[in-house]
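No value in this document is a laboratory result; all are computed from the given coordinates. These figures come from a predicted structure and were not determined experimentally. Virtual Cβ from ideal backbone geometry, glycine too; neighbours counted across all protein chains shown.
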Amino acid sequence: MVLSTHSLEASSKHKMITASTFQDIQAALSKLHAGSVIFIDVDDTLITPVSKVFRAGSPHRFLIDDLKKNREQYANFETILSHWRLQRKTSLILQEWPELIHILKKNYLVYALTKMETGAIGDIPSMENWRYEELKDKGILFTPSFVETIEKTLIVEPSKPYSASFYKGIFITGSFNKSDVIRVYLKAEKPTQIVLIDDRPEYLEDVMQECVRQSFPFIGILFKGIEQIEGVPDSHVAEFQKRSLFDHAHWFEDEEAERLVSQEE
């Protein structure tokens, strides 16, 4: 497979690469500057829910995004969200991710950069520790430290419900954008190049614009590995899963949901 590479700016210092396979990722990272720092998104880049509800071709793929956008409609929003995170099963999108990250850490600083809530959410006392343990269970560990003068909480604004934070190699955006986290990082560190691997083009664009503004070389890798995972949910089963989650804060995986739906028929 040939990498699709195109410049998003007149300057060759800032570019975007599209990758779908392990070989694509290897090729994209093969000629990084010494002193580069690599940030890797988590959801739908490193890991993804096993349920077909969240496959690339599913009309329900953005179920949780929609829940977050309409959180004011649910008095128990944080309970629903935390139960989904605790009850859903996930799998690696690339089985090679743990070993690749381990190898990259020998030559570069490698961090996770994940867009999600921080602090206590529903039945999860610490989203930071929950995310760390989730990735650790998959064999994924990032560069554990950041500048000692930077506290765990990176950005706090009274008008924002969730602060941005850093925990054991994982930068979490809270209510902020990924570019906000990169801005704080660049106040403390001066890498030769910023690399971001993410499945969302809008997040890559967001970070790239910050790097352009600060004249930092940037490589954005748009990772489409999620599109290589086949599966389309049964519409009746998916509606049952959604209804159970939103009405009762309980997530059923596909096989159990299919069994319960068949009993209702």
(message) Can you tell me which residue is farthest from Lys89 (Cα to Cα) among those in region 39-75 that are among the acidic types (Asp, Glu) and more than 10 Å from the chain's Cα centre (by Cα)?
(response) Glu72
(request) Please enumerate the residues belonging to region 131-142 that are in contact (Cβ under 8 Å) with a residue 40 or more places away in the chain and farther than 15 Å from Phe166 by Cβ. (result) Glu134, Lys138, Gly139, Ile140
(message) Of everything in region 210-250, what is part of a loop (DSSP other than H, G, I, E, B) and among the hydrophobic types (A, V, I, L, M, F, W, C)? Give them in sequence order.
(response) Phe216, Ile229, Val232, Ala249
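How many of the residues in region 77-91 are of a type in the set (S, T, N, Q) and loosely packed, with under 13 Cβ neighbours inside 10 Å? Step through it out loud before you land on a result.
Residues of region 77-91 of a type in the set (S, T, N, Q): 79, 82, 87, 90-91.
If we keep only those that are loosely packed, with under 13 Cβ neighbours inside 10 Å too, we end up with 91.
Residues in region 77-91 being of a type in the set (S, T, N, Q) and loosely packed, with under 13 Cβ neighbours inside 10 Å: 1 in total.
Assigned to a strand (DSSP E or B) and closer than 23 Å to Lys242 by Cα: does that describe Ser58?
Values: assigned to a strand (DSSP E or B): no; closer than 23 Å to Lys242 by Cα: yes.
Judged against the criteria, Ser58 is not a match.
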(request) Just give me the residues in region 225-241 being within 29 Å of Leu204 (Cβ to Cβ) and surrounded by fewer than 17 Cβ atoms within 10 Å (Cβ to Cβ), in sequence order. (result) Glu227, Gln228, Ile229, Glu230, Gly231, Val232
